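Undergrad: One structure follows; several queries about it will come next.
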Amino acid sequence: MRLVKIFFTGLITISICTSAKAQFNKNQKTISSDTASLHHPNWQSKKINSAKYSVSLGYGVIFFGAVTQFNLQNNTTAPSITGPIYLKNSVKLNSSTDFSLNIAYASAKRSEILHSYTSGLNSTYLHKYSTASVIARFNFYFPQNTSRIVSPYWGFGFGWASRKNTYDNGTTTTTSLGKRSRSNPISNFSNLPIAAEFTIGTKIKIYDLLYGYVEVGVAKSLLQTGLQYRF
């Protein structure tokens, strides 16, 4: 009887050990499979492909508004420029096209000397120019390699814009909505609330879903650069 009890006890022990070993081997295969998928060359590209949305923040160089609005009169100081600052939110339509909503703001100011043809006297003004815009835009990506480290593209968009010139001589302040007129520097001139842009650029992968971008062309600035995060 005692031998029978020992026999069944050993049989149960062997069964438990065999079952535990089988479960351990199964878990090891699962871990190995997951690890292999993480290191598979297509894993990162699949992760990137699944990122449908992105948000970007950028800064511009060579503000066109400062060039066009401050070159008509003699100045006493160099322009002090803020921006342009670009905020973009985009959604991927397909593998080669995305649609974005771009918000931009820029301002500049400097002291100027304006000549009065009535009195023959010169007056010093603080001239401020500011502009804001909201543009709907399409980006079209060029064919790219599977690594997707560099993503060149071109795009265009149209939208709404606001432009304002303010002149302050210390006594009175005059505001003009629109661009500056050559015949009368303090006046309303062609204030069509329309904005448009056409640029070409590229996005460069920095880490995971974080990218840097550079664009050049016709926008609020000749050149802009910034960061993009995809999700």
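Undergrad: Within the range 156-189, work out how many residues are surrounded by 15 or more Cβ atoms within 10 Å (Cβ to Cβ), among the β-branched types (Val, Ile, Thr) and modelled with pLDDT of 65 or more.
TA: Selection size over the range 156-189: 1.
Undergrad: Same structure again: Could you grab me the full set of residues in the range 190-199 that are assigned to a strand (DSSP E or B) and surrounded by fewer than 14 Cβ atoms within 10 Å (Cβ to Cβ)?
TA: Ile194, Phe198
The values are calculated or read from the model by the stated rules, or taken from the named source; none is laboratory data. Since this is a predicted model, take the numbers as computed values, not measurements. Note: ideal-geometry Cβ built from the backbone for every residue, glycine included; neighbour counts use all protein chains shown.
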